[in-house]
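Worksheet for the structure shown next.
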Amino acid sequence: MATSKFYALTHSKCPRCHVGKMFEGPVYGLKKQKMNETCPHCGFKFEIEPGYFYAAMYVSYVFSVAQIVTLGLATAYFTQSESPFLYLGVLFFTILVFAPFNYRFGRLILLHYLSPKVKYSPKYEEQIKESEDQPTS
């Protein structure tokens, strides 16, 4: 059974094979996020052309706007404050906390859903399953 595109996206898997990891390490950590240049499993080059991930900034921007508007409205609803400093604090905090998430998932969504050049190939998953099914000596 093939891995779903949504599962591959949420687990940072390669858009072509759904097996190899696109990023090393977790979304949040003390180290800077590192994206692999190629898939460790199928060899797919993630940056399809020079400057390809500039488009991921637009996806990340959409995430940021949605998060800021949601938390700004939630702050207004729950505090009913008119202090601009409260809203600025909430907005800066939101941007800072969600930046790693937006960076990673902006790139993942760009490759998984918005790139017509990238096609999923189940043969890579089948190779894994065949090698697991073979008895070891």
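Any residue at all in region 50-63 that's aliphatic (A, V, I, L, M), farther than 25 Å from F6 by Cβ, without any contact (Cβ under 8 Å) to a residue 40 or more places away in the chain and out of contact with any strand residue (DSSP E or B) (no Cβ under 7 Å at 6 or more places or on another chain)?
no
Which of the residues that make up region 23-70 are closer than 23 Å to L96 by Cβ and in contact with a Ser or Thr (Cβ under 7 Å, 6 or more places away or on another chain)?
Passing the criteria: F23, Q67, I68.
So which residues in region 88-109 are more than 26 Å from S4 (Cα to Cα) and either touching a residue at least 60 places away in the same chain (Cβ under 8 Å) or in contact with a helix residue (DSSP H, G or I) (Cβ under 6 Å, 6 or more places away or on another chain) (or both)?
Hits for region 88-109 are V90, L91, T94.
For E132, state whether it is closer than 19 Å to K5 by Cα, surrounded by fewer than 16 Cβ atoms within 10 Å (Cβ to Cβ), of a type in the set (D, E, K, R) and modelled with pLDDT under 90.
No.
So which of F98, F78, F63 ends up being touching a Gly at 6+ places or on another chain (Cβ under 8 Å) and over 30 Å from Y124 (Cα atoms)?
F63
State yes or no: is K13 modelled with pLDDT of 90 or more, in contact with a Pro (Cβ under 7 Å, 6 or more places away or on another chain) and under 23 Å from Y120 (Cα atoms)?
The answer is no for K13.
The values are calculated or read from the model by the stated rules, or taken from the named source; none is laboratory data. Keep in mind it's a predicted model, so treat the numbers as computed, not measured. Quick reminder, even Gly has a Cβ in these numbers, built from the backbone with ideal geometry, and neighbours come from all protein chains shown.
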